[in-house]
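A.B. asks: Let me begin by handing over the structure; questions about it come next.
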């Protein structure tokens, strides 16, 4: 906010979690809900304060034969549901991202008895959800044969009991390098196994302020 007299900050929160539509969870989807964080907790509890902006299907709900075929196809096929998930997510928040690129939107806002025309800026504060949905968002998958025990630093299993160990943190650029399309497939598979990250495109990007 550079001019409080003409601009207004309204942080936005997202919430996403799976919801079943029939018995046995055969057909499920993940509603993506958007809500303003400037409201009080009591106001946010009102269903009128939030909006469902997308319904993302469960892309992992496949038959046993399809899952076995993907498993035999190697790691390049295992990451397909996650990549498609991000494509669906990207479409769902496309208008929100466009609004951020444009710097917000102009509207009349009432603050008590004062009504004025303001530029509303809507930064994304956070995305709430369970462990599965958050893993999908960041591209993380479960692994039991990884070379590191923590995705935040390079500590190995052999050094995990060393209380004097100094962590060497994993940087953002190293994550980007993991999914760099210029790397060959063998190198990508090696890095994915180390970091438990799928090869996906970035859905969330820094837009505007």
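The values are calculated or read from the model by the stated rules, or taken from the named source; none is laboratory data. This structure is a prediction, so every number in the text was calculated from the model and none was measured. Quick reminder, even Gly has a Cβ in these numbers, built from the backbone with ideal geometry, and neighbours come from all protein chains shown.
A.B. asks: Among what's in the range 40-53 and is surrounded by 13 or more Cβ atoms within 10 Å (Cβ to Cβ) and modelled with pLDDT of 90 or more, pick the residue that is farthest from residue 124 (Cα to Cα).
C.D. replies: The residue in question is 49.
A.B. asks: Looking for whichever is touching a helix residue (DSSP H, G or I) at 6+ places or on another chain (Cβ under 8 Å), modelled with pLDDT of 85 or more and either on the phi > 0 side of the Ramachandran plot or assigned to a helix (DSSP H, G or I) (or both) here; the options are 89, 35. Which one fits?
C.D. replies: Only one candidate qualifies: 89.
A.B. asks: Under 24 Å from residue 89 (Cβ atoms) and modelled with pLDDT under 60 - does that describe any residue in the range 172-181?
C.D. replies: yes
A.B. asks: Please find, within the range 1-32, the residue that is modelled with the lowest pLDDT out of those that are outside any loop (DSSP other than H, G, I, E, B), within 18 Å of the chain's Cα centre (by Cα) and over 29 Å from residue 103 (Cα atoms).
C.D. replies: 19
A.B. asks: Here's something else I'd like to know. Here are 79, 147, 69: which of them is touching a helix residue (DSSP H, G or I) at 6+ places or on another chain (Cβ under 7 Å) and modelled with pLDDT under 85?
C.D. replies: 147
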